[in-house]
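The values are calculated or read from the model by the stated rules, or taken from the named source; none is laboratory data. Keep in mind it's a predicted model, so treat the numbers as computed, not measured. We place every Cβ from the backbone using ideal geometry, glycine too, and count neighbours over all the protein chains shown. Please note that ligands, DNA and RNA were not included when accessible areas were found on the heavy atoms of the full protein model with its side chains. Shrake-Rupley method; radii C 1.70, N 1.55, O 1.52, S 1.80 Å.
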Amino acid sequence: MSDCGLLLYGLDASYFTQRVQIALEEKGLKYRQYNLNVAMAETIMPWYMRLNSLGQVPTLVYGDVVLTQSERIIEYLDEKFPETTRLCPDKSTAEGHRCEYFKQLCNKVNPVVLTMGGSTIYTEISGSENSVWYFSPSTVRLTRKAFRDLIPAKCEKYATENPDLKGVYLKKAAWGRGWTLEPNVDELQTMLHLTDDVFTKLEIEIARNAESASHDGKPMWLCGDNFTVADIYLSVLLHRLEELGLHNRYWGNDKRPQVAKYFNQIRNWDSYKKSRPTLTRVSLALSIIRPKLPWILAVGATAAALGIGIGYALSKGSQGSTFQDYVPFTFTEDKIWVWRFCYPRHA
């Protein structure tokens with residue numbers, strides 16, 4: 001994959017990966033994405049832990065440069081590609097001050113607490129409705145169980161086999177043992193209320209923007225006329241809350257009309273739409289299902305996925321892609337076929 005140029009390791013169901021995807025698309029930078037397989041705990045395999053010692057996504061590789069954490073990656077893209085759209089305004093300017101304010105406001109909402117903390121499990125508390133299947137109660141519990149049982153066991157095994165990574169693996173194992181099968185209801189309630197406070201402030205600020213706008217038909221962004229990293233943060237937050245079925249709690253049914261109007265604008269924004277590929281949702285489904293099937297059924301599932309991949313690759317032919325751009329599968333130590341993605345992304 002050395003010919004990939006900008007290579008993004010991530011997950012399309014990842015909140016922080018989506019931030020970087022939108023930034024890359026907004027800048028018009030061609031890149032490739034390698035989707036890590038969550039069911040096989042690929043984020044903690046030694047080869048990846050040497051790239052990202054936290055075993056998290058996203059990770060961006062460009063030549064000899066390896067960057068983790070979405071905020072730093074977006075800042076780097078501004079520094080490295082100054083000829084592209086600037087997303088991080090100068091912090092000494094009024095636009096820069098507003099951008100930092102909105103970033104901090106969005107960062108008050110912890111997506112892990114809302115997602116893995118049970119908003120789709122305790123619907124009577126959260127008001128969640130019509131959440132997407134990959135954040136269903138059963139999937140959340142399954143994921144929490146994997147964090148608690150699978151991650152520590154694999155980390156201890158890898159720590160023994162890779163002495164140079166022993167420290168980071170033992171730290172990750174301790175993190176895994178801290179998870180319980182059932183979420184902390186008090187923590188969830190606190191985050192739900194804090195998120196309400198954040199959206200009350202957002203409604204006020206977006207309404208102020210609407211009052212001062214020139215109404216010339218141009219998009220109205222958080223910090224003025226330009227789409228910035230603040231808009232990336234908010235668009236990803238809105239997307240995640242909608243996936244969790246929390247949209248009516250926070251802005252639906254005319255509760256916060258300015259937020260709803262802003263999200264409708266974002267839905268039609270090209271870089272946001274390109275951060276939501278549908279094929280990788282199929283990949284996520286198969287990655288969850290395959291480890292539970294007999295080996296022969298896993299091969300069959302991969303064959304079906306390969307057929308989807310061929311059709312997708314052919315459909316991309318008009319954009320200059322070839323089937324060689326798609327690395328379909330590999331055979332793992334667990335004797336399971338795992339779909340691998342290193343596919344081109346076109347701005």
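Scanning the range 1-27 for residues that are closer than 30 Å to T160 by Cα and in a loop (DSSP other than H, G, I, E, B) returns M1, L11, S14.
Tell me which helices (runs of 4 or more DSSP H) are completely within the range 28-115 and hold 2 or more residues being among the charged types (D, E, K, R) and over 30 Å from L170 (Cα atoms), or say none if there are none.
Working: elements: 46-49, 70-80, 94-107.
Those helices (runs of 4 or more DSSP H) span 70-80, 94-107.
For the range 238-251, taking the residues that are outside any helix (DSSP H, G or I) and open to solvent by less than 10 Å² (accessible area, probe 1.4 Å), the one that is farthest from R276 (Cα to Cα) is identified as L246.
Is it the case that some residue within the range 46-57 is of a type in the set (F, W, Y) and open to solvent by 40 Å² or more (accessible area, probe 1.4 Å)? Yes, because at least one residue in the range 46-57 is of a type in the set (F, W, Y) and open to solvent by 40 Å² or more (accessible area, probe 1.4 Å).
Per-residue answers, yes or no, for (1) without any contact (Cβ under 8 Å) to a residue 40 or more places away in the chain; (2) out of contact with any Pro (no Cβ under 8 Å at 6 or more places or on another chain); (3) small (G, A, S):
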residue: L29; (1), (2), (3): no, yes, no
residue: M40; (1), (2), (3): no, no, no
residue: V65; (1), (2), (3): yes, yes, no
residue: C88; (1), (2), (3): no, yes, no
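Scanning the range 116-136 for residues that are modelled with pLDDT under 95, in a helix (DSSP H, G or I) and open to solvent by 80 Å² or more (accessible area, probe 1.4 Å) yields a single hit, W133.
Give me a count of the residues in the range 180-210 that are aliphatic (A, V, I, L, M) and touching a residue at least 60 places away in the same chain (Cβ under 8 Å).
Initially, the range 180-210 is screened for residues aliphatic (A, V, I, L, M), giving 181, 185, 188, 191-192, 194, 198, 202, 204, 206-207, 210.
Checking the rest, the ones that are also touching a residue at least 60 places away in the same chain (Cβ under 8 Å) come to 185, 188, 191-192, 194, 198, 202.
Residues that pass the stated criteria total 7.
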